[in-house]
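As structure tokens, the structure follows; a few thoughts come after it.
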Amino acid sequence: GNSVTQMEGPVTLSEEAFLTINCTYTATGYPSLFWYVQYPGEGLQLLLKATKADDKGSNKGFEATYRKETTSFHLEKGSVQVSDSAVYFCALLHGSSNTGKLIFGQGTTLQVKP
Amino acid sequence: DTGVSQNPRHKITKRGQNVTFRCDPISEHNRLYWYRQTLGQGPEFLTYFQNEAQLEKSRLLSDRFSAERPKGSFSTLEIQRTEQGDSAMYLCASSQYRHRYPEAFFGQGTRLTVV
């Protein structure tokens, strides 16, 4: 079946450090891939997405590239800020499914210290 | 429109009681989803509606759970005879199906604690 695996957290970084959060997926066909962010006390917000192989999604300094050969969609940011502290979820939407339902990874907590 | 709204934000109930949650989606969105998120885990799909029709239910949705979306607007999720294992965050999301890669907009969730 379809699944998403994220690196274990929490990830603790100092401000301005480089961030990588690993995400790999298992799916038949060609899923679309997403990163959602959940700030404390808030709902999930779409951070970025990529709908086909080699696409790069980007937003607010975050980037992720859809790598079909390694079935990965790692999230990166060159210089994190304290305000980036949140829980990050990788998710897939199966390409052949009409339902629109998302399959999420378990989430990775990021804590950025000043 | 202020986005997806969920009420209540928090609910504490005794085991065996019934609870009902409400979700108001973004007004022009025809699809509405319910997810459940337990501590340290990602959201898991429960069910979804297109307009008023409930099109799919996860095996996670036992017969104690029922969801409705009368008139294709707001939705309710009811849990009967709550159990401690029902304690979780219940998330609602909505999207517009017309788009090929519809973005799902999530509410802030209802946190249920069963004591």
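The values are calculated or read from the model by the stated rules, or taken from the named source; none is laboratory data. Because the structure is predicted, anything quoted here is derived from the model rather than measured. Counting neighbours? That spans all protein chains shown, and the Cβs are built from the backbone with ideal geometry, glycine included. When the accessible area is computed, the model is the full protein with side chains, heavy atoms only, and any ligands, DNA or RNA have been set aside. Shrake-Rupley method; radii C 1.70, N 1.55, O 1.52, S 1.80 Å.
Among the residues of segment A:92-104, how many are over 21 Å from residue B:40 (Cβ atoms) and not in a loop (DSSP other than H, G, I, E, B)?
1
Report the residue count in segment A:11-39 for those that are among the charged types (D, E, K, R) and surrounded by 13 or more Cβ atoms within 10 Å (Cβ to Cβ). It would help to see each step written out before you state the result.
Of segment A:11-39, the ones among the charged types (D, E, K, R) are A:15-16.
Remaining after also requiring surrounded by 13 or more Cβ atoms within 10 Å (Cβ to Cβ): A:15.
Of the residues in that region, 1 qualify.
Inspect all residues belonging to segment B:61-68 and state whether any of them is closer than 19 Å to residue B:18 by Cβ, open to solvent by less than 60 Å² (accessible area, probe 1.4 Å), touching a Ser or Thr at 6+ places or on another chain (Cβ under 7 Å) and assigned to a strand (DSSP E or B). Walk me through how you get there before you give the answer.
In the first step, residues of segment B:61-68 are kept if they are closer than 19 Å to residue B:18 by Cβ; the result is B:61-68.
So of that shortlist, the ones also open to solvent by less than 60 Å² (accessible area, probe 1.4 Å) come out as B:61-62, B:64-67.
Then drop every residue that is not touching a Ser or Thr at 6+ places or on another chain (Cβ under 7 Å), which leaves B:61, B:67.
Then keep just the ones that are assigned to a strand (DSSP E or B); that gives B:67.
For segment B:61-68, residues closer than 19 Å to residue B:18 by Cβ, open to solvent by less than 60 Å² (accessible area, probe 1.4 Å), touching a Ser or Thr at 6+ places or on another chain (Cβ under 7 Å) and assigned to a strand (DSSP E or B): present.
Check off (1) within 10 Å of the chain's Cα centre (by Cα); (2) open to solvent by 20 Å² or more (accessible area, probe 1.4 Å) for residue B:53 and give me the number that stays unchecked.
Only one criterion is unmet by residue B:53, namely (1).
Yes/no per residue for (1) outside any strand (DSSP E or B); (2) within 10 Å of chain B (Cβ to nearest Cβ); (3) touching a Cys at 6+ places or on another chain (Cβ under 7 Å); (4) open to solvent by less than 20 Å² (accessible area, probe 1.4 Å):
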residue: A:69; (1), (2), (3), (4): yes, no, no, no
residue: A:80; (1), (2), (3), (4): yes, no, no, yes
residue: A:83; (1), (2), (3), (4): yes, no, no, no
residue: A:90; (1), (2), (3), (4): no, yes, yes, yes
residue: A:106; (1), (2), (3), (4): yes, yes, no, no
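Quick one: count up the residues across segment B:85-115 that are of a type in the set (Val, Ile, Thr) and open to solvent by 60 Å² or more (accessible area, probe 1.4 Å). Talk me through it step by step, then tell me what you get.
Initial filter on segment B:85-115 (of a type in the set (Val, Ile, Thr)): B:110, B:113-115.
Subsequent filtering for residues that are open to solvent by 60 Å² or more (accessible area, probe 1.4 Å) retains B:115.
Residues flagged as of a type in the set (Val, Ile, Thr) and open to solvent by 60 Å² or more (accessible area, probe 1.4 Å) within segment B:85-115 amount to 1.
Take residue A:53 and tell me if it is open to solvent by less than 50 Å² (accessible area, probe 1.4 Å), modelled with pLDDT of 95 or more and not in a strand (DSSP E or B).
Values: open to solvent by less than 50 Å² (accessible area, probe 1.4 Å): yes; modelled with pLDDT of 95 or more: no; not in a strand (DSSP E or B): yes.
Spelling it out, it is not the case that residue A:53 is open to solvent by less than 50 Å² (accessible area, probe 1.4 Å), modelled with pLDDT of 95 or more and not in a strand (DSSP E or B).
What single numbered condition from (1) within 15 Å of residue B:37 (Cβ to Cβ); (2) within 14 Å of chain A (Cβ to nearest Cβ); (3) touching a residue at least 24 places away in the same chain (Cβ under 8 Å) fails to hold for residue B:61?
(3)
What number of residues within segment B:30-49 satisfy the criterion of being outside any strand (DSSP E or B) and either within 9 Å of chain A (Cβ to nearest Cβ) or buried (at least 22 other Cβ atoms within 10 Å of the Cβ) (or both)? Walk me through it before giving the result.
Looking only at segment B:30-49, we keep the residues that are outside any strand (DSSP E or B), and these are B:30, B:38-43.
Cutting the leftovers down to either within 9 Å of chain A (Cβ to nearest Cβ) or buried (at least 22 other Cβ atoms within 10 Å of the Cβ) (or both) gives us B:40-43.
Residues flagged as outside any strand (DSSP E or B) and either within 9 Å of chain A (Cβ to nearest Cβ) or buried (at least 22 other Cβ atoms within 10 Å of the Cβ) (or both) within segment B:30-49 amount to 4.
Just the residues that are over 14 Å from the mean Cα position of the chain (by Cα), in a strand (DSSP E or B) and more than 19 Å from residue B:61 (Cβ to Cβ), please, taken from segment B:1-29.
B:12
On the given criteria, is residue B:99 modelled with pLDDT of 95 or more and of a type outside the set (Lys, Arg)?
Values: modelled with pLDDT of 95 or more: no; of a type outside the set (Lys, Arg): yes.
Answer is no for this residue.
From A:8, A:42, which residue is surrounded by 13 or more Cβ atoms within 10 Å (Cβ to Cβ), within 11 Å of chain B (Cβ to nearest Cβ) and either free of Cβ contacts under 8 Å to residues at least 40 places away in the same chain or not polar (S, T, N, Q) (or both)? Outline the logic, then answer.
Details: A:8 fails: surrounded by 13 or more Cβ atoms within 10 Å (Cβ to Cβ).
After applying the criteria, what remains is A:42.
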